[in-house]
Every structure is written in C-alpha cells, then in structure tokens.
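First up is the structure itself, then whatever we jot down about it.
The values are calculated or read from the model by the stated rules, or taken from the named source; none is laboratory data. Worth saying up front: this structure is predicted, and the values here are computed from it rather than measured. All Cβ positions, even for glycine, are placed from backbone atoms using ideal geometry, and neighbour counts span all protein chains on display. For the accessible areas, the whole protein counts, side chains as well, though only heavy atoms, and no ligand, DNA or RNA atoms are used. Shrake-Rupley method; radii C 1.70, N 1.55, O 1.52, S 1.80 Å.
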Amino acid sequence: MNRELLEMMEQITEEEQRILDGNGIEKDLYTNKKQFVVDKEKMLEQGKTIAVRPHTRFVSFPRHRHNYIEVLYVCKGCIIHHIEGTVVRMEPGDLLFLNQYTTHSIEETGKDDIGINLMILPQFFDYAIQMLGRDNIIADFMVSVLSNDVHEGQYLLFKTAGIVQIENVMENIIYSIAHKQDDDQMNQILMGVLFQYLLKYVTALDKNSETNYDEVLTRSTLDYIHQNYKTASLSELAAMLNQSPSGMSRLIKKKSGFSFKELLQRKRFQQAILLLTRTELPVNDIIAAVGYENNSYFYRQFREKYQVSPKNYREQHKDDKEIIL
C-alpha cells in the first residue's frame with residue numbers, strides 16, 4: 001500500500017488511545033441500540049453513502065452486526081473474524097464483504113495489524129451493479145444484499161494479495177475518501193471497476209467463503225460460454241481460471257449435468273435457432289457465425305436434436321412468436 005496512506009492508518013486514534021489507557025469498547029460510539037448493531041447514523045455523515053475508517057485495534061469486538069454493508073480490507077498484519085461460527089483469517093490484500101445481516105466478532109489486533117473498514121449504504125452500489133451486468137456471482141450477491149426479504153448472514157472473502165489492479169483500486173478508493181474528496185460518482189465507478197477485477201480473478205474467492213467456490217467456477221463457465229461461444233474451448237477456460245482441464249471437466253459435469261462440449265453445443269444451437277428464425281442469412285453463414293467449421297457435423301447434430309434439417313426448421317418456425325430452444 002502507498003506509504004503515505006499506510007502511515008495515516010497506522011496512527012493511534014483517540015479511541016485507540018483510550019483503549020490503551022484501560023477503557024474498553026465505547027459502545028455509544030457505534031450504536032444507541034440495545035443490541036450491538038453498529039448504526040449507519042453513527043458511522044456515516046448525513047447525506048453520505050460511503051465512509052472509511054481504520055479498524056480499531058487493541059481490543060476484541062463482541063458479536064455484532066451492521067445496518068449497512070461493510071467491506072473490510074487488510075493493509076498489514078492479520079485480522080481474525082468469527083462469522084456465524086466460522087473462523088475467517090484475513091491477511092494483507094484480503095477483501096471481505098459482509099451483508100447487513102451477518103453477525104460476527106473480531107479478535108483483538110495489535111499495533112501492526114492495519115485494516116480498513118468501508119461502510120456503505122446499499123444505494124451506493126446501484127451504479128456498480130449496472131456496470132457488472134447479470135449472471136455473475138458478485139452481482140448475485142449484491143442483489144441479495146439489497147433485497148428487503150433477505151435476513152441471512154452472507155459474506156464473500158477474496159484472497160487478492162499480489163493482484164496489483166485490485167490493490168491500486170483499493171488505494172484510490174481509500175485515498176479519495178480519507179482526503180475528503182467526496183465524489184460519490186467517482187467512488188461508485190471505482191467500486192464498479194473493483195468488482196470487474198474480482199470477476200476477472202474469480203479464483204481469488206476463498207474456498208471456505210459462504211458462497212461455494214465450485215458454484216463460482218460453474219457460473220464462470222456458463223458466463224464464459226455465453227460470451228465466447230464462437231471460439232470457446234475447455235483448455236482456454238481452464239487456463240483463465242487456473243484449473244486443470246480434466247478438473248474443470250469433472251466439475252462442470254458434476255454441477256450442471258452436462259459436459260463442457262454439451263453446454264457449448266447447446267449455446268451454439270440456441271444462437272443458430274435465433275438466426276434461422278429471425279434472419280434471412282444462408283444456413284452455411286449461420287453455421288460459421290456460431291463457431292462450427294465442419295458443416296456436415298453441424299447438419300448431423302442439428303438433425304439429431306430437432307429431427308429436421310436447418311432449412312426445414314426455418315420454414316416450420318419462421319412465423320413463430322416464441323421459439324423453443
């Protein structure tokens with residue numbers, strides 16, 4: 001982390017000094033509620049949707065939750081959380097996302113254990129979610145966080161140490177807020193960029209995270225096929241996710257019930273059907289457009305699946321308002 005920022009975060013705060021002088025946690029700094037629910041009214045200035053503060057050291061935090069979304073980032077040392085009965089050890093570069101219903105406690109930290117807490121209201125993420133689009137694990141998590149009927153603790157832990165792009169984005173977010181450069185739109189864009197990098201490095205999601213690691217790989221597979229059906233290959237996907245092709249093949253079959261080849265063919269046929277029924281493109285052009293180089297193979301597989309030739313399928317369904325894929 002940038003040395004100037006780190007030195008700023010290393011400074012002992014007034015609250016920490018009182019703790020060192022023998023006082024415990026001053027609960028009224030965090031909440032007026034009977035239960036220990038850290039209150040957004042205490043943590044964020046009026047009208048703001050995001051704030052940053054160093055993690056308070058030298059004391060253990062008892063079980064509590066927040067009425068906002070919390071993102072924790074470790075700059076130095078180690079911070080250990082107990083989340084819904086699970087021990088979560090955070091080290092430098094780690095990112096932890098907690099939704100509003102997650103109850104956790106935090107073990108006492110020392111002088112060299114430096115963490116950053118981002119306190120964020122749900123509406124802050126609107127722009128970031130738009131940047132993400134649909135059908136990915138981060139978007140799904142954030143949507144669940146924002147849902148009014150979600151009352152379960154959820155968290156995502158990303159082991160992102162050494163990923164320079166993510167470190168740079170986090171520094172920019174922290175610097176912007178810590179220096180009172182209160183530009184919500186810019187910070188929203190930075191958060192959107194952070195999520196894009198987390199998607200790119202999806203394997204940084206810790207295997208013990210609340211969201212199942214295998215599910216992340218499966219969803220990444222489906223998204224990869226959706227975006228790259230014309231040129232997709234199992235070897236390329238495995239390389240992108242830092243997995244072996246054989247391991248990915250087994251996982252895909254286990255989770256989806258289909259092989260990678262079958263999922264890819266299903267997607268290509270979906271596109272072919274749309275082109276057959278919505279355009280006048282010649283069949284051979286459609287075959288090339290969806291990624292097949294062997295026309296005979298396509299014709300054979302198509303007839304096996306639909307019991308008619310592509311030409312006859314077009315004639316039978318050209319006036320259909322709804323297409324069965």
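Here are the numbers for this structure:
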| read-out | value |
| --- | --- |
| Close pairs from region 272-300: first at positive phi, partner open to solvent by less than 80 Å² (accessible area, probe 1.4 Å), Cβ under 7 Å, at least 6 apart | Gly291/Tyr229; Gly291/Arg268 |
| Helices (runs of 4 or more DSSP H) enclosed by region 1-109 - at least 2 residues per element that are modelled with pLDDT of 90 or more and over 23 Å from Tyr197 (Cβ atoms) | 14-20, 40-43 |
| Enumeration of residues in region 44-75 that are open to solvent by 30 Å² or more (accessible area, probe 1.4 Å), over 17 Å from His179 (Cα atoms), over 23 Å from the mean Cα position of the chain (by Cα) and not hydrophobic (A, V, I, L, M, F, W, C) | Gln46, Gly47, Ser60, Pro62, Arg63 |
| One residue from Phe298, Phe258 being assigned to a helix (DSSP H, G or I) and not basic (Lys, Arg) | Phe298 |
| Count of region 161-192 residues which are part of a helix (DSSP H, G or I), at pLDDT 85 or above and open to solvent by 50 Å² or more (accessible area, probe 1.4 Å) | 6 |
| Looking only at region 237-293, and only at residues there that are farther than 29 Å from Gln316 by Cβ and among the basic types (Lys, Arg), the one that is surrounded by the fewest Cβ atoms within 10 Å (Cβ to Cβ) | Lys254 |
| Some residue of region 215-227 being surrounded by fewer than 13 Cβ atoms within 10 Å (Cβ to Cβ) and among the charged types (D, E, K, R) | no |
| Selected residue [without any contact (Cβ under 8 Å) to a residue 12 or more places away in the chain, on the phi < 0 side of the Ramachandran plot and open to solvent by less than 70 Å² (accessible area, probe 1.4 Å)] from Glu26, Glu7, Glu41, Glu16 | Glu26 |
